[in-house]
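**Student:** Just dropping this structure here.
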Amino acid sequence: MKCEPVLNHFSLLGEGPVWDRNMERIIWVDILRGNINQFHPASGTFQCFNVGQMIGAVTLRKGGGLVAALQHGFAFIDIEKEWIGFISDPEQHLPNNRFNDGKCDPEGRFWAGTMSVKGEEKAGSLYALEPDHSISLKVSGIGCSNGLAWSPDHAVLYYIDTPTKQVAAYDYDQSSGLIMNKRIVIEIKEENVFPDGMAIDEEGMLWVALWNGWRVERWNPYTGKLLQQISLPVSRVTSCTFGGESLEDLYMTTAMQGLSPEESVLQPLAGALFVIRKCGHRGIPAVEFAG
Ligand code: CA
């Protein structure tokens, strides 16, 4: 399998790839620069929009446009009109926190979590922006809220709190959005390697991006078995998703944040968006925010 950079553009902290089936584009963020990037593979068109603050995650909104978890709360965004419509911030009282990874659940709620920018332990939380624009607190005491994925049968939420080095599973109730019965399904044992963003394929297997791990791993969350490793030429692999017309292209974001000058020389592609076309597995379409 050939893993190649999609284009000659490098993020400081590339994250949160999402495939837009309607527009046939891949969208991802550069958290630290506050950029939303989009690339249309068929035409080779690249566009970058700066939101003026850090941005943890962005996803599609039903009826068009985007919804984002910014440093200072949730917002709607229209890239073409360069418009940002603020919704609300559940952590106005926590100025040292910023939003990080996020994704929509099968019902179209936008889940996104936070982390401390000053390294405070367990200062983050996981929230869901409901279609009526109210915000529900889902989990508190989080170190660094990261990967989210729902099982193909919509019965389970998988969730990564990066410092724990674990993937947790919760029973998930689609109609209420409630989660319960937390258990650990995957543990990353390698020293100084951390699970970051995550995708799920149509077979219900998890694809976990490994910060400092130079790879993405495919895991079976039912048995806890490692199934496959995909190597990248950069150490800080941050997230992945399936894209392309048939959702068989694996897109992977990476970062150059924190690399030493020596490491940067050895990793000239750090921060690139990578793709493996026709990776042999098929993803699940991204759900749009329903509000
Ligand atoms: Ca992340």
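The values are calculated or read from the model by the stated rules, or taken from the named source; none is laboratory data. What you see is a predicted model; the values in this text were computed from it and never measured. Cβ sites come from the backbone with ideal geometry, for glycine too, and all protein chains shown count toward neighbours. SASA here: full protein model, heavy atoms, side chains in, ligands and nucleic acids out. Shrake-Rupley method; radii C 1.70, N 1.55, O 1.52, S 1.80 Å.
**Student:** Go through the stretch 88-101 and count every residue that is more than 16 Å from the ligand (Cβ to nearest atom) and either surrounded by 18 or more Cβ atoms within 10 Å (Cβ to Cβ) or not in a strand (DSSP E or B) (or both).
**Tutor:** Counting residues in the stretch 88-101 that are more than 16 Å from the ligand (Cβ to nearest atom) and either surrounded by 18 or more Cβ atoms within 10 Å (Cβ to Cβ) or not in a strand (DSSP E or B) (or both) gives 8.
**Student:** Across the stretch 1-56, what is the total count of residues that are under 24 Å from TRP207 (Cβ atoms), of a type in the set (Phe, Trp, Tyr) and surrounded by fewer than 20 Cβ atoms within 10 Å (Cβ to Cβ)?
**Tutor:** 1
**Student:** Related question: Across the stretch 156-177, what is the total count of residues that are away from the ligand (no atom under 13 Å from the Cβ), at negative phi and touching a residue at least 12 places away in the same chain (Cβ under 8 Å)?
**Tutor:** Of the residues in the stretch 156-177, 13 are away from the ligand (no atom under 13 Å from the Cβ), at negative phi and touching a residue at least 12 places away in the same chain (Cβ under 8 Å).
**Student:** Can you confirm whether the stretch 102-109 contains a residue that is open to solvent by 20 Å² or more (accessible area, probe 1.4 Å), farther than 22 Å from TRP19 by Cβ and not β-branched (Val, Ile, Thr)?
**Tutor:** no
**Student:** How do the pairs read when you match residues in the stretch 9-36 that are at positive phi with residues anywhere that are surrounded by fewer than 16 Cβ atoms within 10 Å (Cβ to Cβ) and assigned to a strand (DSSP E or B), using Cβ under 8 Å and keeping only pairs 6 or more apart or on different chains?
**Tutor:** GLU24/HIS40; GLY34/ASN50
**Student:** Among residues belonging to the stretch 239-270 that are touching an Asp or Glu at 6+ places or on another chain (Cβ under 8 Å), of a type outside the set (A, V, I, L, M, F, W, C) and surrounded by 21 or more Cβ atoms within 10 Å (Cβ to Cβ), point out the one that is farthest from GLY204 (Cα to Cα).
**Tutor:** THR253
**Student:** Also: So GLY213 fits all but one of (1) farther than 30 Å from ARG61 by Cβ; (2) surrounded by 21 or more Cβ atoms within 10 Å (Cβ to Cβ); (3) away from the ligand (no atom under 15 Å from the Cβ); (4) not hydroxyl-bearing (Ser, Thr, Tyr); what number is the exception?
**Tutor:** (3)
**Student:** Within the stretch 57-84, count every residue that is open to solvent by less than 40 Å² (accessible area, probe 1.4 Å) and either polar (S, T, N, Q) or more than 16 Å from the chain's Cα centre (by Cα) (or both).
**Tutor:** Residues in the stretch 57-84 being open to solvent by less than 40 Å² (accessible area, probe 1.4 Å) and either polar (S, T, N, Q) or more than 16 Å from the chain's Cα centre (by Cα) (or both): 8 in total.
**Student:** If we keep just the residues of the stretch 134-154 that are without any contact (Cβ under 8 Å) to a residue 40 or more places away in the chain and open to solvent by less than 40 Å² (accessible area, probe 1.4 Å), which is farthest from GLY119 (Cα to Cα)?
**Tutor:** The selected residue is GLY141.
**Student:** Taking ASN181 and the conditions (1) touching a Phe, Trp or Tyr at 6+ places or on another chain (Cβ under 9 Å); (2) under 26 Å from LYS118 (Cα atoms), which numbered condition does it fall short on, given that it satisfies the others?
**Tutor:** If we test ASN181 against (1) touching a Phe, Trp or Tyr at 6+ places or on another chain (Cβ under 9 Å); (2) under 26 Å from LYS118 (Cα atoms), just (2) comes out false.
**Student:** While we're here: Answer yes or no as to whether ARG236 is within 16 Å of the ligand (Cβ to nearest atom), open to solvent by 10 Å² or more (accessible area, probe 1.4 Å), of a type in the set (Lys, Arg) and touching a Leu at 6+ places or on another chain (Cβ under 8 Å).
**Tutor:** Considered against the rule, which asks whether it is within 16 Å of the ligand (Cβ to nearest atom), open to solvent by 10 Å² or more (accessible area, probe 1.4 Å), of a type in the set (Lys, Arg) and touching a Leu at 6+ places or on another chain (Cβ under 8 Å), ARG236 comes out as yes.
Here's the yes/no breakdown for (1) within 15 Å of the ligand (Cβ to nearest atom); (2) under 18 Å from GLU15 (Cα atoms); (3) without any contact (Cβ under 8 Å) to a residue 12 or more places away in the chain:
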| site | (1), (2), (3) |
| --- | --- |
| GLU203 | no, no, no |
| LYS225 | no, no, yes |
| THR241 | yes, yes, no |
| THR253 | yes, yes, no |
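**Student:** For the stretch 64-77, indicate whether the set of residues that are outside any strand (DSSP E or B), within 16 Å of the ligand (Cβ to nearest atom) and not acidic (Asp, Glu) is non-empty.
**Tutor:** Yes; the residues of the stretch 64-77 include at least one that is outside any strand (DSSP E or B), within 16 Å of the ligand (Cβ to nearest atom) and not acidic (Asp, Glu).
**Student:** Related question: State which residue is farthest from LYS118 (Cα to Cα) when the search covers only the stretch 45-62 and only residues that are touching a residue at least 40 places away in the same chain (Cβ under 8 Å) and in a loop (DSSP other than H, G, I, E, B).
**Tutor:** In this case the residue turns out to be LYS62.
**Student:** Based on what the data block shows, is VAL185 more than 18 Å from the chain's Cα centre (by Cα) and aliphatic (A, V, I, L, M)?
**Tutor:** So VAL185 fits the description; yes.
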